[in-house]
Amino acid sequence: MAAVKGLYGSLDEFLKQCSQSGDSAYSAFRSLLERLENPETRTEARVFFAHLQKKLDSDGASQYCLDTYHFQIQDIYLERNEGYQKRKKLTMMVIPSIFMPEDWSFTFYEGLNRHPDSIFKDKIVAELGCGNGWISIAIAEKWLPLKVYGLDINPRAVKISWINLYLNAFDENGQPVYDHEKKTLLDRVEFYESDLLSYCRDNHIELERIVGCIPQILNPNPDAMSKLITENASEEFLHSLSNYCALQGFVEDQFGLGLIARAVEEGIDVIKPMGIMIFNMGGRPGQGVCKRLFERRGLRVNKLWQTKILQASDTDISALVEIEKNNPHRFEFFMGLVGDQPICARTAWAFGKAGGRISHALSVYSCQLRQPNQVKKIFQFLKNEFHDISNSLDLSFGDDSVADEKIPFLAYLAGVLKDNSRFPYEPPIGSKRFRDLIAGFMKTYHHVPLSADNVAVFPSRATAIENALRLFTPRLAIVDEHLTRHLPRQWLTSLEIEQKKDNRTSADEITVIEAPRQSDLMIELIKKLRPQVVVTGIAQFEAITSSAFEHLLRTTREIGSRLFIDISDQFELSSLPSSIGVLKYLARTPLPSHVVIICGLLRNQVYTDLEVAFVISEEKTIFDALSKSVELLQGNTALISQYYYGCLFHELLSFKLPDRHPPAERQVEDVKSSEMIGFSCSVISVLSQAELSVRETDKSALIHMDVDQIFLPTPTPVKAAIFESFARQNVTESECDVTPSIRQFIKDAYGFSADYSAEFIYADFPLALFNKMVLCCIEEGGSLCIPAGSNGNYVSAAKFLAAKIVSIPTQAETGFKLTEKQLTSVLETVSKPWVYISGPTINPTGLLYSNEEMKSLLTVCAKYGARVIIDTSFSGVEFNLKGWNGWNLDGILTKLTSSGKLSFSVCLLGGLFFKMPTGGLAYGFLVLNHRFLADAFHSFSGLNKPHSTIRYTAKKLLDLREQNVGDLTDAVEGQGKLLATRLNRLKETLKSCGWEVVEACGGVSVIAKPSAYLGKSFKLEKDGSTWEAKLNDTNIREAMLRATGLCINGASWTGIPGYCRFTLALEDGDFDRALDCIVKFRQVVK
């Protein structure tokens, strides 16, 4: 027999070494591999191996070779006419420490065979868990891929695979075997040690096909995978890598599928968008579980092949029996190969112990990403700090239209959370991006030439309608009967339809008459009743053409009625939207000044209760007033809702080319209208005097120190909770029930117990809840008593609603805090008082009310029977707590409730965005302990409540807070320290620039007096224009804005003569620029 030069003198010597032990045999073959790898000794080594195989065959040693020599050479026969060289078999060797080819791998190859021949041709392929490499080699032999990477975590398997590659790349004479493309298997196949796809990931290899025959039984020893894996490890340990896997941290671990789940997710990361993954799956967990593993990760699944195989006798299934004890799920086994009724793991275990043979299904699944780019983006996000929430992800959808909507949104949300450390400032009018997308959709699909400046965003259609009616407070309004459900009950029951002498009504005297939607009936009512405002939709059978709408236009114009037309029921988010007569009219004619279009976005495929609305007006005065009404009455529109619908609009616009034709010229109708109702007196006063947000333009880059929001980095637990709320499906109501958590939250934070008769009410923002309480005050005929130095937005909102407001004076000596003496002096003169108190942290001063101070204030309120609104919305960030020991409202109220007047009551208003670093995510709550208040509150419907995803997020964060989870707790502490540092920097800057600063103890704002600037002349020349004024507390805000682009709140907002407000919780760069602006303003004034 031939020998290999420098290695063995004879075959007998080689076999003698192999017979000593498995390690000795492996050492011998590793030396042989070195000769095969060397081109100079390769031929001789291959011939040696051919002689070795012949000797074993001639000696009859093949059958017991594995036991005697610790290796085995076997031929694996392929199908007839397999391969371009008509090769019918592959020559393969194995050793005890690697996985032996058996039914699992043969069934897998049969499944691969069911694909068309083009499946692997010229593709880049990876095989996971390649074992001795036979499948990788067979794929290369039959389908001629560009490259096959055979990957295995077992280093000895990789070495044996390389040997097998050389055995089949060269014939028995050591000559290369070429395919018809003049390539050998060496050109097409490589083997590497790799934990699943780590080799491809680390080397940035993009794959087109991934195949894997991966084990799926729980390892009896979960620590096995944590051991250092080397090729010198024990044979038993190395073999266990082929049969078992440790817990992978996936929900599929409970079914023994954790390793496959990890392989799929790693595959999503490295596979090309149109790539295909093919996996062998044992059916023991059940076919439904196996398919769901792929489907919930956004893959379309096709079962290529299924058979039954006998359960390996050396496999202990007792781990599966244990799982069934604690889980309602039942695994699937069969009695023998012919049994067709499944039995559970416990029955199979007993049957096997009694000598019976058990089998299980074995299936080959082919899967492909249904929306590859978006799904890859989602998993890219999850693998960075968010792996824990991957178990909540569910991308399985029975309806493709649902998948087409939700998957792109999850990808967009993942991008937002990954790329942005915080949620950005968005104006109350709505996100500029969202308004641009709405205008773009209108222009592209309906040929209506709008811009973002014609579109204002509202939380819902109901709020848009109510805000419109409050702007005009008409004597009489006719409203479509389909649109009155959320209007205040008082409006729908009032009979005050006769015009009064002053032609003016108060907000609670609006009378709404319900009318049918059919246009001829609506028009008849309009002509008879002559309303000042009409709100209606268009009946479905009249909506396609514009004639009904035009008839309404003419009638309301002649009568002098303002018309709000609702197109929600006809508006479709589709690439083939139905025609809408109103928009047909708008495409050829500008919208008349007395008409506003309202559209509620309700018709998404996933969330029937997720709403946002927009209004369209081409009359600037009306548009501006509607826009400001959102800021005054709702605060803002939930950003997540705008993100969701913005994503839908973006998907519909992304594939469209820019319009190649100029828009058609619209014909202006020169028709004179009758005199229309204007804004109410309270509205005119507020719109002209209130300090509302400054609207940015494309050219301006403003810095907002005038916003009650936090723009600090969003902690990882908050991002995880937000994403999880959308990633999950079938969330139960109990998982969104935030009330028990809020109940505990206010108990811990303020010592305020709410009994089980208390009413908990929620809104996107606390301001909306405050406004409903103001309406309750108005309904009762009460006086709203507000301390000077309160939140200017709340004061403006109360004025907008025409509440009777009594200002309680405060003094600089007490830091503008409300005192017992000041409160008494006012309540002595007021009937039916309602008292507003901001605390523990006061907005805007940032000072704190102690428990004793609150006790004295509430004692006075109880004495005079006041209804008290304690606003905790701006509390939770306290960093100067010397001498402050928190609140115990229960201890105060227990005595006062029994001793005070019957009308005395306390309600708690609050939000979560200050108490926890929610990254701009808002959530308002109101706790009412008084039945009368609850009944009165509910008579004013139309409140936009947080969506279920936001409620889920809020509950998740409150539960984490209760559990004192480290990441969230650390973020809370870090936020407090950062704001304390910010406060000191801001104080130093303001003082050095001539401002008198009031010391703050918490919150996100500070007030200061511009002493060095008052009375000075100011002149600014910019963009060819000149602005000049003598500086005082009424124009210092505008001067600062014009000179530097910094937005602050002036004295009319703070309610404290001479004092302005600055907020602290800006993004780092914005805060630094804000300090620069303060310095720049001093230089400009000088």
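The values are calculated or read from the model by the stated rules, or taken from the named source; none is laboratory data. Because the structure is a prediction, the values reported are computed rather than measured. Glycine gets a Cβ as well: all are built from the backbone with ideal geometry, and neighbour counts include every protein chain shown. Heads up: the accessible areas ignore ligands, DNA and RNA and are worked out on the full protein's heavy atoms, side chains in. Shrake-Rupley method; radii C 1.70, N 1.55, O 1.52, S 1.80 Å.
Over the chain, with every protein chain in place, what whole percent of the accessible area is carbon and sulfur at 1.4 Å, could you tell me?
Numbers: 21150 of 43570 Å².
Carbon and sulfur atoms account for 49 percent of the accessible area of the chain.
Restricting to Cα pairs below 8 Å that are 6+ residues apart, what does the relative contact order work out to for segment 1-70? Please round to a whole percent. Each step should come with its number before you reach the end.
Numbers: 54 pairs, mean separation 26.1, N = 70.
So the answer I get is 37 percent.
Suppose all protein chains stay in the model; what accessible area per residue would a 1.4 Å probe give for segment 1-70, in Å²? Write out the running numbers ahead of the final one.
Numbers: 3510 Å² over 70 residues.
Per-residue accessible area for segment 1-70 comes out at 50 Å².
Nearest 500 deg cm²/dmol is fine: what mean residue ellipticity at 222 nm does the chain get from its DSSP H runs of n ≥ 4 alone, each adding -39,500 (n - 2.57), divided by its residue count? Before the final figure, lay out the partial values.
Numbers: 39 runs with 440 residues, N = 1086.
Roughly -12500 deg cm²/dmol at 222 nm, from the helical runs in the chain.
For TRP104, TRP134, TRP349, write out the residues from largest to smallest accessible area, computed with a 1.4 angstrom probe and no ligands counted.
TRP349, TRP104, TRP134
Might you report the magnitude of the Cβ-based charge dipole of segment 724-769 about its Cα centre, with Lys and Arg at +1 and Asp and Glu at -1, to the nearest 20 debye?
On the way: 3 positive and 8 negative charges, 21 e Å.
Magnitude of the dipole: close to 100 debye.
Can you give the relative contact order of the chain as a percent, counting alpha carbon pairs under 8 Å and 6+ residues apart?
Numbers: 2055 pairs, mean separation 86.4, N = 1086.
Once normalised by length, the contact order is 8 percent.
Return one number: the angle in degrees, 0 to 90 and rounded to the nearest 10, between the long axis of the Cα atoms of helix 155-169 and the longest principal axis of the Cα atoms of the chain.
That helix lies at roughly 60 degrees to the long axis.
Among the DSSP beta bridges whose two residues both lie in segment 806-965, what percent are antiparallel, rounded to the nearest 5? List each step's numbers first, then the result.
Values: 6 of 16 bridges.
Close to 40 percent.
Once a ≥ b ≥ c are taken as the square roots of the eigenvalues of the Cα gyration tensor of segment 627-675, is the result rounded (a/c under 1.5), prolate (a/b larger than b/c) or oblate (a/b not larger than b/c)? It would help to have the intermediate numbers written out before the result.
Numbers: a/c = 4.78, a/b = 1.08, b/c = 4.42.
It comes out oblate by the Cα gyration axes.
Give me the mean projected area, in nm² to one decimal, of the convex hull enclosing the Cα positions of the chain.
The orientation-averaged projected area of the Cα hull of the chain comes to 55.3 nm².
Relative to 2.2 N^0.38 Å, what does the C-alpha radius of gyration of segment 638-733 come to as a ratio? Two decimals please. Provide the component values of the computation, followed by the final result.
Numbers: Rg = 22.3 Å, N = 96, 2.2 N^0.38 = 12.5 Å.
Taking the Cα Rg and dividing by 2.2 N^0.38 Å, one obtains 1.79.
With a point put 7 Å past each Cα toward its Cβ, work out how far LYS272 is from ASN373 in nm, to one decimal.
Placing both labels 7 Å beyond Cα along the Cβ direction yields 1.6 nm.
Projected onto the charge dipole of segment 97-178 (+1 at Lys/Arg Cβ, -1 at Asp/Glu Cβ, origin at the Cα centre), which of SER105, SER136, TYR149 gives the Cα projection farthest towards the positive end?
Result: TYR149, furthest along the dipole toward the positive end.
Search the structure for amide H atoms under 5 Å from the amide H of LEU912, placed 1.01 Å from N in the peptide plane, and list their residues when 5 or more places away or on another chain.
Amide H neighbours of LEU912: TYR923.
Can you pull the Kirkwood radius for segment 1-70, inverse mean 1/r over Cα pairs, to one decimal in Å?
Result for segment 1-70 stands at 12.2 Å.
Of the listed peptides 971-982, 25-36, what is their order by residue-averaged count of other C-beta atoms within 10 Å, with the highest listed first? Please list the in-between numbers first.
Details: 971-982: 17.1, 25-36: 19.2.
Highest mean packing first, the order is 25-36, 971-982.
Find which of THR589, PHE679, LEU32 sits farthest along the positive direction of the dipole of the chain, computed with +1 on the beta-carbon of Lys and Arg, -1 on that of Asp and Glu, about the Cα centre.
PHE679
Run down the lysines and flag those whose C-alpha is under 27 Å from the C-alpha of LYS628, throwing out any fewer than 8 positions away in its chain.
Correct list for LYS628: LYS432, LYS443, LYS620, LYS699, LYS772, LYS799, LYS804, LYS945.
Using the Cα centre as the reference, give the magnitude of the dipole from point charges on the C-beta atoms of the chain (Lys, Arg: +1; Asp, Glu: -1; all else neutral), rounded to the nearest 20 debye.
Details: 118 positive and 130 negative charges, 443 e Å.
Taking the Cα centre of the chain as origin, the dipole is about 2120 debye.
Using a 1.4 angstrom probe, figure out how much accessible area segment 781-851 has per residue, in square angstrom, rounded to the nearest whole. Provide the component values of the computation, followed by the final result.
Values: 2260 Å² over 71 residues.
On a per-residue basis, 32 Å².
What spacing in nm lies between the two simple spin-label points modelled at LYS54 and LYS353, each 7 Å away from Cα in the Cβ direction?
5.4 nm
Order the peptides 953-961, 63-71 from the highest to the lowest mean number of other Cβ atoms within 10 Å of their residues. All intermediate terms of the calculation are to be shown ahead of the outcome.
Details: 953-961: 22.0, 63-71: 16.8.
For the peptides 953-961, 63-71, the packing ranking is 953-961, 63-71.
Using R₀ = 22 Å, calculate the FRET efficiency as 1/(1 + (r/R₀)^6) where r is the Cβ-Cβ separation of ASN880 and GLU813; round to 0.05. Numbers along the way, then the final one.
Numbers: r = 19 Å, r/R0 = 0.86.
My answer for the efficiency is 0.70.
What lysines could a cross-link reach from LYS88, if we take a straight Cα to Cα line under 25 Å and drop same-chain neighbours fewer than 8 places away?
Straight-distance partners of LYS88: LYS54, LYS55, LYS121, LYS123, LYS142, LYS147, LYS159, LYS182, LYS183.
Packing-wise, with mean Cβ within 10 Å as the measure, how do 49-58, 634-643, 284-293 rank, highest first? Please report the intermediate quantities before stating the final value.
Values: 49-58: 17.0, 634-643: 23.9, 284-293: 20.2.
The packing order, highest mean first, is 634-643, 284-293, 49-58.
Report, to the nearest 10°, how far helix 716-727 tilts away from the longest principal axis of the Cα atoms in the chain, using its own Cα long axis and a range of 0 to 90°.
Here the helix axis deviates by roughly 80 degrees.
Hey, which of these cross-link pairs are over 21 Å Cα-Cα: LYS817/LYS1009; LYS376/LYS956; LYS882/LYS977; LYS377/LYS955; LYS383/LYS977?
Values: LYS817/LYS1009 17 Å; LYS376/LYS956 26 Å; LYS882/LYS977 15 Å; LYS377/LYS955 27 Å; LYS383/LYS977 30 Å.
LYS376/LYS956; LYS377/LYS955; LYS383/LYS977, as the Cα separations exceed 21 Å there.
Given points 7 Å out from each Cα along the Cα-Cβ axis, report the LYS325 to ARG695 separation in nanometres with one decimal.
It is 6.9 nm.
As an exercise, use a Förster radius of 51 Å and the Cβ-Cβ distance of ASP404 and GLU13 to find the FRET efficiency, rounded to the nearest 0.05.
After rounding, the FRET efficiency stands at 0.15.
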